[in-house]
Amino acid sequence: MPFCFIHRITLLFLILCCSFAKAQYAPKPADIETDFLYKIVEKLASPDFEGRLPGSAGYNMAANYTAGLFKKYKLKPLGDSYFQYFNVEHNEIKAPLKFEKINQAGENKVYKPGKDFVCRGFTGQGVHTSEVVFCGYGISLPKFGYDDYAGMDVKNKVVMIFKENPSWKFKVEWPSAIPRYKVSVASQNGAFGVVFINTPKGARTTQPIGSIATGSVNTHNGATTSIHVSNEVANDILEPGKYTVAELQQMIDSLQKPFSFNTGTKVYTEIHTVYTKEKPTMNVVGMIEGNDPVLKDEYVIIGAHLDHIGKQGDLLYFPGANDNASGAAAVLHIARLFSEKRKQIKRSVLFILFSNEEQGMIGSWFYINNPLVPPEKTVAMLNLDCIGHGDSIQLGNGESAPVLWQMARGIDKKTFNLTIESTWAGGGADASPFFDKNIPALYFVSTNSYTHLHLPSDIPATLNKELHSKITYLAFATAWEIAIGNYQKEKVIR
């Protein structure tokens, strides 16, 4: 009898020890597999996915691939599938894609897509040979005494304008700098097309940058072509007048007056598009349920946008390795780790790969306006965007969620000590809609991250693998603390 009693006590002690050991799990940097992350980035950034433009076959392939991993990790779909559908504008830019300088004496000078020029994402289509007219910042405010188009005949011509707005203050607020707005102004003045250039002073690069951003302008100028050229190409076009882009910006900014003129150069433009006002796309959503009888009805969301800016013609696509295959890969890795430790979490964890961030956070706004779990029960949101290139870590929105920010920084200080002091309020990227609904959010991003942003050179080989792994760990460890109940929802500061 004493032996049986002792045996039972020993068995109970061993069971308690095992339970205690399980409860003591804590994330470790070694939990993150660098090669696993990199392989997912390589997959998402491959030509097979065509730059992951929402509404395209390439994006749908990426969504199916990631949903397959959610299923593999036994995440629960919230509905009939892992997809939350909505409609978006879509513009397919088809081959052939041409932009050439007309040479009087011989063959045209052919510019190369990607290197010399790219189309704006919502370019119209057209085939035309047109004179180029330089029209400064492309702003027309005649009632207030500033008009880059004043006295200029741009009908059936191509206007060359700065993509950005002036840096000096005007008597009224400058109109939108969104290229789609500037295209509409050019179109109203009769232009066939627009050639955008970066301001040498102020812009992060002189290379042509791909983009599908539309801002609040939702009118498609289907008959007006719009491209973005390198400053080298712009100077080549301006050569007959002997001005450079830098000189023109300096002149306009110093005088704070328009300086528009006919360049004397003609260009050949050929762009073919298929525009669709509404085309289906989807967020990819999966959940791991918590185990606490009370806290399982509270949620932490870990998200990243899956989309990028697509392809143009047959020869140009934008891989989007850092932006944002890096963030999507991190979410998938974190989902796998949570799946392996699912019995130890108290709160439920939602994993979301958003569509159409590049056009204005449309996927995350759609989710927050059509939530799959109650926003009032959502304790925190962690957003990962552009986390694979650079040299340190920034945690955005810390001023709006200081307790969450301090918790994440505390985890970092015990491991890598890579987070910088600087932060901000108001959200940022896909964290913004959650901030708007009073959900504490952090925006994980690497510093000096935008060297290859929206360029064909945003390829996996440019990533800082070690930093990518460290940010993934920091996001995982932060999410873990929230999921096991070590963070209480704080009031969002505005």
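The values are calculated or read from the model by the stated rules, or taken from the named source; none is laboratory data. Nothing here was measured: the structure is a model prediction, and the numbers come from that model. All Cβ positions, even for glycine, are placed from backbone atoms using ideal geometry, and neighbour counts span all protein chains on display.
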Are there any pairs, at least 6 apart or on different chains, whose C-beta atoms fall under 8 Å, with the first in the range 475-488 and outside any loop (DSSP other than H, G, I, E, B) and the second buried (at least 22 other Cβ atoms within 10 Å of the Cβ) and charged (D, E, K, R), and if so, which? 482/347; 483/347
Quick one: what pairs do we get from the range 178-194, first residue farther than 21 Å from residue 213 by Cβ, second in a loop (DSSP other than H, G, I, E, B) and aromatic (Phe, Trp, Tyr), C-beta under 7 Å, 6+ apart or different chains? 189/149
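Any idea which residue in the range 429-453 is surrounded by the fewest Cβ atoms within 10 Å (Cβ to Cβ), counting only those that are more than 21 Å from residue 482 (Cα to Cα) and in contact with a strand residue (DSSP E or B) (Cβ under 9 Å, 6 or more places away or on another chain)?
So the first thing to find is which residues in the range 429-453 are more than 21 Å from residue 482 (Cα to Cα), and the list is 429, 446-453.
So of that shortlist, the ones also in contact with a strand residue (DSSP E or B) (Cβ under 9 Å, 6 or more places away or on another chain) come out as 429, 446-447, 449.
Numbers: 429: 24, 446: 26, 447: 16, 449: 22.
That would be 447.
Criterion first (touching a Lys or Arg at 6+ places or on another chain (Cβ under 9 Å) and not charged (D, E, K, R)) does residue 202 satisfy it?
Working: touching a Lys or Arg at 6+ places or on another chain (Cβ under 9 Å): no; not charged (D, E, K, R): yes.
Spelling it out, it is not the case that residue 202 is touching a Lys or Arg at 6+ places or on another chain (Cβ under 9 Å) and not charged (D, E, K, R).
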Considering the range 153-175, residues that are in contact (Cβ under 8 Å) with a residue 40 or more places away in the chain and surrounded by 16 or more Cβ atoms within 10 Å (Cβ to Cβ), and then whichever is nearest to residue 267 (Cα to Cα), we arrive at 158
Can you pull out every residue in the range 413-465 that is touching a Gly at 6+ places or on another chain (Cβ under 7 Å) and among the basic types (Lys, Arg)? none
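Looking only at the range 112-121, count how many residues are out of contact with any helix residue (DSSP H, G or I) (no Cβ under 6 Å at 6 or more places or on another chain), touching a residue at least 40 places away in the same chain (Cβ under 8 Å) and not in a strand (DSSP E or B).
Just the residues of the range 112-121 that are out of contact with any helix residue (DSSP H, G or I) (no Cβ under 6 Å at 6 or more places or on another chain), to begin with: 112-115, 117-119, 121.
Among the residues that remain, those that are also touching a residue at least 40 places away in the same chain (Cβ under 8 Å) are: 113-115, 117-119, 121.
From the residues that got through so far, the ones that are not in a strand (DSSP E or B) too are 114-115, 121.
Residues that pass the stated criteria total 3.
Restricting attention to strands (runs of 3 or more DSSP E) lying wholly within the range 333-397, give those where 2 or more residues are within 26 Å of residue 297 (Cβ to Cβ). I'd like the intermediate steps shown before the answer.
On the way: elements: 348-354, 378-384, 393-396.
Fully inside the range 333-397 and qualifying: 348-354, 378-384.
Among the candidates 227, 252, which residue alone is hydrophobic (A, V, I, L, M, F, W, C), under 23 Å from residue 95 (Cα atoms) and in contact (Cβ under 8 Å) with a residue 12 or more places away in the chain? Outline the logic, then answer.
On the way: 252 fails: under 23 Å from residue 95 (Cα atoms).
Criteria check complete, one pass: 227.
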With 284, 294 as the choices, which residue is outside the structural domain of residue 367 (by TED's automatic domain parsing) and either surrounded by fewer than 23 Cβ atoms within 10 Å (Cβ to Cβ) or touching a Leu at 6+ places or on another chain (Cβ under 6 Å) (or both)? 284
What are the residues in the range 454-468 that are more than 20 Å from residue 210 (Cα to Cα) and crowded, with 22+ Cβ neighbours inside 10 Å, if any? 467, 468
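Look at residue 127 and say whether it is part of a strand (DSSP E or B) and either crowded, with 17+ Cβ neighbours inside 10 Å or in contact with a Lys or Arg (Cβ under 6 Å, 6 or more places away or on another chain) (or both).
Values: part of a strand (DSSP E or B): yes; either crowded, with 17+ Cβ neighbours inside 10 Å or in contact with a Lys or Arg (Cβ under 6 Å, 6 or more places away or on another chain) (or both): no.
No.
Would you check if residue 181 is surrounded by 19 or more Cβ atoms within 10 Å (Cβ to Cβ) and of a type in the set (Phe, Trp, Tyr)? Outline the logic, then answer.
On the way: surrounded by 19 or more Cβ atoms within 10 Å (Cβ to Cβ): no; of a type in the set (Phe, Trp, Tyr): yes.
No: the conditions fail for residue 181.
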The residue from 96, 166 that alone is under 30 Å from the mean Cα position of the chain (by Cα), of a type outside the set (Gly, Ala, Ser) and part of a loop (DSSP other than H, G, I, E, B) is 166
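Quick check on this structure: which one of 417, 448 is assigned to a loop (DSSP other than H, G, I, E, B) and at pLDDT below 95?
Numbers: 417 fails: at pLDDT below 95.
When all the criteria are applied, what remains is 448.
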Among residues of the range 413-428, those that are buried (at least 20 other Cβ atoms within 10 Å of the Cβ) and closer than 18 Å to residue 466 by Cβ, counted: 1
How about the range 93-117: which of its residues are touching a Leu at 6+ places or on another chain (Cβ under 8 Å), on the phi < 0 side of the Ramachandran plot and not aliphatic (A, V, I, L, M)? 113
Report yes if some residue within the range 141-161 is part of a strand (DSSP E or B), out of contact with any Pro (no Cβ under 8 Å at 6 or more places or on another chain) and more than 26 Å from residue 202 (Cα to Cα); otherwise report no. no
With 110, 127, 118 as the choices, which residue is at pLDDT 95 or above and touching a Gly at 6+ places or on another chain (Cβ under 7 Å)? 118
Taking residue 56, is it outside the structural domain of residue 311 (by TED's automatic domain parsing) and surrounded by fewer than 22 Cβ atoms within 10 Å (Cβ to Cβ)? no
Can you confirm whether the range 297-307 contains a residue that is surrounded by fewer than 21 Cβ atoms within 10 Å (Cβ to Cβ), over 13 Å from residue 373 (Cβ atoms) and either at pLDDT 95 or above or not aliphatic (A, V, I, L, M) (or both)? no
Quick one: count up the residues across the range 363-391 that are polar (S, T, N, Q) and surrounded by fewer than 22 Cβ atoms within 10 Å (Cβ to Cβ). 2
